[in-house]
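Please treat every number below as a calculation from the coordinates, not as lab data. All values derive from a computational prediction rather than experimental measurement. Cβ coordinates were reconstructed from backbone atoms using ideal geometry, including for glycine residues, and neighbour counts include every protein chain displayed.
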């Protein structure tokens with residue numbers, strides 16, 4: 001068989017897991033989440049330019065597989081992502097992902113990348129961006145309820161972007177809490193391992209819930225939440241999966257990414273379909289108010305939205321141009337004559 005060298009048009013920059021980790025260490029974990037947060041803020045401020053649709057989900061008894069597409073008219077992006085809570089029992093990740101950017105004018109991909117790690121970064125960056133907007137003034141302590149794969153990213157993003165200096169950890173699995181505490185050692189955060197969720201919330205102005213059970217759950221009960229806190233609820237992300245008692249929702253000012261998706265997947269699936277919510281992009285553009293007083297409970301009902309992934313992909317594309325941390329992947333057939341794909345195949349004999 002003849003080996004034909006691929007043309008430049010056939011090559012797509014591919015960021016492997018190894019390259020992604022090298023890129024993160026080159027930039028710095030906190031600095032990269034801050035950079036992604038800046039890109040998310042920029043894209044949310046031009047929200048109305050984007051195609052928007054709830055993610056396309058395929059549910060099974062074991063979990064969910066989803067596609068998350070969007071476009072700003074010039075660039076198209078999508079993420080493939082799964083959520084399988086029982087995977088950890090078999091030594092597998094709960095969430096894995098990859099993503100792609102493409103040029104709208106030609107349809108040609110311009111980036112293919114791992115997004116398992118990148119999703120953790122963009123989720124934390126989004127949480128911290130919103131906490132910066134909504135948390136009470138001077139907030140510096142966060143309770144981290146659920147100490148799995150997302151917990152360290154959330155803690156460090158809140159430190160870098162929202163200004164916390166203490167994180168109080170709780171998980172029903174003490175090994176998860178020990179893991180998180182060990183990983184955050186030397187981070188500059190005061191880390192407190194707690195025996196109960198109530199203990200974790202003592203003195204916390206920001207409460208983050210990130211648990212993985214694929215079921216209606218009550219991680220926070222109504223009596224656990226006092227006035228003047230910001231709740232960052234990121235664990236509920238599909239139909240039938242929630243973390244908060246409905247009474248908390250009725251006492252809170254609720255902020256969401258995209259109502260059409262959040263009403264299906266988020267905490268507000270427990271409420272009437274017309275329950276009032278505020279979209280985060282409106283707060284960022286000044287079209288809506290954020291926190292109005294120190295006693296208010298604000299709730300970010302975060303399920304993750306495609307524009308956040310688009311922002312993270314844009315950020316990575318910009319960074320690899322400078323660092324060269326990618327592999328040119330021979331992904332696209334590029335015959336000399338665009339009408340002669342078969343001829344290209346024949347010449348490869």
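Which residue fluctuates the most in the chain, going by a Gaussian network model with Cα springs under 10 Å, if the choices are 135, 204, 288?
288
Can you say what percent of the DSSP beta bridges in the chain, counting only those with both residues inside, are antiparallel? Round to 5. All intermediate terms of the calculation are to be shown ahead of the outcome.
On the way: 29 of 60 bridges.
Within the chain, antiparallel bridges account for around 50 percent of the total.
Only counting other Cβ atoms within 10 Å, I'd like 298, 34 sorted with the fewest neighbours first.
34, 298
Relative to the longest principal axis of the C-alpha atoms of the chain, give the angle of the C-alpha long axis of helix 29-44, reported between 0 and 90° and rounded to the nearest 10°.
80
Determine, from the Cβ-Cβ distance of residue 339 and residue 108 and an R0 of 22 Å, the FRET efficiency 1/(1 + (r/R0)^6), rounded to the nearest 0.05.
0.80
Return one number: the angle in degrees, 0 to 90 and rounded to the nearest 10, between the long axis of the Cα atoms of helix 174-184 and the longest principal axis of the Cα atoms of the chain.
Roughly 70 degrees, rounded to the nearest 10.
Write down the percent of antiparallel bridges among all DSSP beta bridges whose residues are both part of the range 124-304, to the nearest 5.
The answer is about 5 percent antiparallel.
Considering only 149, 217, 247, give the residue with the highest GNM mean-square fluctuation for the chain, with springs between Cα atoms whenever their separation is below 10 Å.
247
When the helix-only estimate is applied to the chain (DSSP H runs of n ≥ 4, each -39,500 (n - 2.57), divided by the residue count), what is the mean residue ellipticity at 222 nm, nearest 500 deg cm²/dmol?
It comes out at -9500 deg cm²/dmol, rounded to the nearest 500.
Assuming R0 = 41 Å, can you tell me the calculated FRET efficiency for the pair residue 116 and residue 250, based on Cβ-Cβ distance, to the nearest 0.05?
0.70
Using a 7 Å offset from the Cα along the Cα-to-Cβ direction at both residue 285 and residue 45, what is the distance between the two label points in nm, to one decimal?
1.3
So for 210, 238, fewest C-beta neighbours within 10 Å to most, what's the order? All intermediate terms of the calculation are to be shown ahead of the outcome.
Values: 210 27, 238 19.
So the residues, fewest neighbours to most, are 238, 210.
For the pair residue 272 and residue 348, how long in nm is the line joining their label points, each one 7 Å along Cα→Cβ?
Once both label points are built, they end up 6.0 nm from each other.
Pairs of alpha-carbon atoms within less than 8 angstrom and 6+ residues apart define the contacts here; what relative contact order does the range 73-157 have, in percent?
In percent, rounded to a whole number, it is 22.
I want to verify a result. In a Gaussian network model of the chain, Cα cutoff 10 Å, which of these has the top mean-square fluctuation: 332, 111, 129?
332
So, in Å, what gap is there between the alpha-carbon centers of the range 46-91 and the range 285-349?
Value for the Cα centre distance between the two parts: 12 Å.
Run the simple label-point estimate for residue 218 and residue 293 please: 7 Å along Cα→C-beta, distance reported in nm.
2.8
Could you list 202, 156 so that the one with the fewest beta carbons within 10 Å of its beta carbon is first and the one with the most is last?
The fewest-first ordering by Cβ neighbours comes to 202, 156.
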